[in-house]
Amino acid sequence: MTEATTNAGPPRLEVASQSKLIWWAFRKHKLAMAGLIVVAILYVIAAMPGFFAINDPSAQNARTPFHPPEAIHLWSDDGFVGPHFVPSKLKRDPDTLAAIYVPEPEKAVRLVLFGHGYSYRLFGLIETDRHLFASSDPKQPFFPFGTDRLGRCVWSRIMQGAQTSLSIGLVGVALSLIIGVILGGISGYFGGRIDFAIQRVVEFVLALPTIPIWLALAAALPQDWPATLQYMMITIILSLTGWAHLARVVRGRFLSLRTEEFVSAARLDGCSEGRIIFRHMLPSFMSHIIASITLAIPAMILAETSLSFLGLGLQPPTISWGVLLREAQNVRSIATAPWLFAPGGAVVLAVMALNLLGDGLRDAADPYNK
Amino acid sequence: MLRFIFKRVLWMIPALFAVSFLAFVLIQLPPGDFVTNYVATLAASNEIIDQNAADALRERFGLGEPMLLQYGKWIWGILVHGDFGTSFEWQQPVGDLVWERMALTLTLTLSTLVATWAIALPIGIFSAVRKYTIGDYIVTSISFFGLAIPSFLLALVLMYIAVVIFGQDVSGLFSDEYQNAPWTWAKVADLIHHLWIPVIILAVSGTASLIRVMRANLLDELNKPYVTTARAKGLSEFRLLMKYPVRIALNPFISTIAWLLPNLVSGSIVVAVVLNLPTAAPLLLQSLLAQDMYLAGAFVLLICTLTLIGSLVSDILLAIADPRIRLE
């Protein structure tokens, strides 16, 4: 509250809306702010993965299997030359035939900011070939995170996978929110027998171990369905068990608000049930719900990752972080190419940022928190 | 108290029926049945089964009957004879395949539960009492990291480290010589020797969230007047802490059994597949993919039952620990 007291005096604090108060409290929480920034960046990437990718994420390259990651250099032997990388050439070990990459420093290739690369559609609409980074020589691709066994660029695939993995979290949470708010609202607002019945269902759903249920449901999906249909089904499966937590939160809030004076006042004024719920009660615990949602998204992301990793979620050629981690499934391939863990790093980063953000939001939205 | 327990146990019966029906419907969901899959598998290795033979197989397995009748027969067999049916794929009674694996799953889950508490309790107390110190910040960041890392990824990383740095294979629960050996003390010792790696992996995410819970609850209690009173009376800080606020802050720990168990079982499935543990998980996955429905159904049913019992135990413990809950 330092801002409020220093420059505008008491009036500013008094007229500040609920959301402004939350924002002030939130801003003081450093880790949560960091989380917010990371989440914002990740969702920008998810909105336009093609721009952040370097090579076509689906393009296979027979000359670059298990290519190790390449570093960006700024200085060469002659001094500062700007961002460039050192390409390497594929050689075979004469005895074992194992792939060896020999760096060729004399062929250093420049990296161009906003350069031209493969062409893609920005937001699925605008055809363009501009990328954040591009290799100035199309014959020498740049692999900041190396390549997988088919020579596909891991960095570009992570960028593309962000779109699927991060949006599945959002869509799944939106679905479970709809079910959760409706059922939790009915349960908490009307109470009595309806409440009892709905609460037993919620308890039942919460007591189920999620993964066996998901596995069974996901095994029921035909593997040859089109990617979008599969994607929708997976999100529905994930939200089938995800709604119960939200229903519980909403119900608790409704129960405690039902007896508040302002609700009784609204009822005595002759407001309809719908108006009482949506106009009077919902706004007072909106912030709390938003925090719960933020904490539910990472759980969805982890769930999709685990399912796809087991081979029961999304199927290649769809690219998601879970699908990418399947490449790292056995010890042999990760022992030769540890950079295949990189999508896991992306998962950890996203989940951690979302958790921190949700934690900060929850603290900030709590009016009794000091 | 007895009435409360009785009511809770009674409530479990419809829940168990719901679970068994759910399990049965789930495994019936995929289009086609075991025979379709079986024929497809054989066709892949150039063996053709004609329609008549396939129908005969269906007849033998009772697959042509309506679903409700199949369910009725299945559940009747379990209730009356304790017979879970026959696995199509293994041509063995499901009971023979399931029990040892379920026992190992239970061992793994319970050891993880104990490990989770043993790690989370002291660390949670420490980070609440030493709030906003360097130690607290370190614990907080580690626990957020633990929450964020998927358990299978942790398993993979540990496997990688074990293979590359120590040149050791950490998968499985038994050494080669004990794989098929009968149960002896030596085999149990071997199991314990192997068990700790999956236990640690599984305990990480549960520990992380419990540390957060413990810290938050203890922080709420530490500023209450009764703590000040006890301190004013000259109680030593350690005894004061253990005797009052920690006991109250423990409450949510007990109630977390309810959701910790399903979470652990779920988490252990993915980890077991990665580490190739002889628990229920890999067989469940395989049976789901092959539509070996009685085997899959038995696993889903038993795992769900396990978690329902877990939530029953936690309710009873909670009622013992906190009289207010019983009165509701």
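The values are calculated or read from the model by the stated rules, or taken from the named source; none is laboratory data. Bear in mind the structure is a predicted one, so any value in this text is a computation, not a measurement. As a convention, Cβ positions derive from the backbone with ideal geometry for all residues, glycine included, and neighbour counts pool all protein chains shown.
Things to note:
- Of the residues making up segment B:152-167, those that are at the interface with chain A (Cβ under 8 Å from one of its Cβ atoms) and crowded, with 20+ Cβ neighbours inside 10 Å are B:PHE152, B:LEU153, B:LEU156, B:MET159.
- Between A:LEU307, A:LEU361, the distinction of being within 11 Å of chain B (Cβ to nearest Cβ), of a type outside the set (S, T, N, Q), crowded, with 21+ Cβ neighbours inside 10 Å and farther than 30 Å from A:GLU70 by Cα belongs to A:LEU307 only.
- Listed by first and then second residue, the pairs linking a residue in segment A:198-210 that is more than 8 Å from chain B (Cβ to nearest Cβ) to a residue that is of a type in the set (A, V, I, L, M, F, W, C), with Cβ atoms under 7 Å apart and 6 or more places separating them unless they lie on different chains, are A:ILE198/A:LEU183; A:ILE198/A:ILE186; A:VAL202/A:ALA244; A:VAL202/A:ALA247; A:VAL205/A:ALA244.
- Taking helices (runs of 4 or more DSSP H) as the structural unit, those lying wholly within segment A:262-370 and holding at least 1 residues that are at pLDDT 80 or above and not β-branched (Val, Ile, Thr) correspond to A:282-310, A:321-325, A:342-365.
- Residue list for segment A:329-354, restricted to those being more than 17 Å from A:ALA299 (Cβ to Cβ), within 9 Å of chain B (Cβ to nearest Cβ) and aliphatic (A, V, I, L, M): A:VAL331, A:ILE334, A:ALA335
- Checked across segment A:56-68, the condition of being touching a residue at least 40 places away in the same chain (Cβ under 8 Å), under 27 Å from A:LEU170 (Cβ atoms) and surrounded by 16 or more Cβ atoms within 10 Å (Cβ to Cβ) holds for at least one residue.
- Of all residues making up segment A:168-177, the number that are polar (S, T, N, Q) and under 12 Å from A:ILE234 (Cα atoms): 0
- In segment A:232-243, the count of residues that are hydrophobic (A, V, I, L, M, F, W, C), part of a helix (DSSP H, G or I) and over 20 Å from the mean Cα position of the chain (by Cα) is zero.
- Only one entry in A:LEU314, A:LEU340, A:LEU310, A:LEU324 is under 30 Å from B:VAL213 (Cβ atoms) and either of a type in the set (A, V, I, L, M, F, W, C) or not assigned by TED's automatic domain parsing to the domain that holds A:VAL173 (or both), namely A:LEU310.
- Selection from segment B:14-57 of residues that are among the charged types (D, E, K, R) and at pLDDT below 70: B:ASP33, B:GLU47
- Residue in segment A:9-24 that is basic (Lys, Arg), modelled with pLDDT under 80 and not in a helix (DSSP H, G or I) present: no
- Only one entry of A:PHE133, A:PHE145, A:PHE190, A:PHE196 meets the criterion of being under 29 Å from A:GLN230 (Cβ atoms) and of a type in the set (Phe, Trp, Tyr), and that entry is A:PHE145.
- The residue of segment B:90-114 that is nearest to the chain's Cα centre (by Cα), among those that are buried (at least 19 other Cβ atoms within 10 Å of the Cβ) and farther than 19 Å from B:VAL270 by Cα, is B:LEU97.
- Reported count of residues in segment A:310-350, each being surrounded by fewer than 24 Cβ atoms within 10 Å (Cβ to Cβ) and β-branched (Val, Ile, Thr), is 5.
- Residue list for segment B:85-116, restricted to those being more than 29 Å from B:ILE201 (Cα to Cα), touching a residue at least 60 places away in the same chain (Cβ under 8 Å) and in contact with a strand residue (DSSP E or B) (Cβ under 7 Å, 6 or more places away or on another chain): B:THR86, B:VAL94
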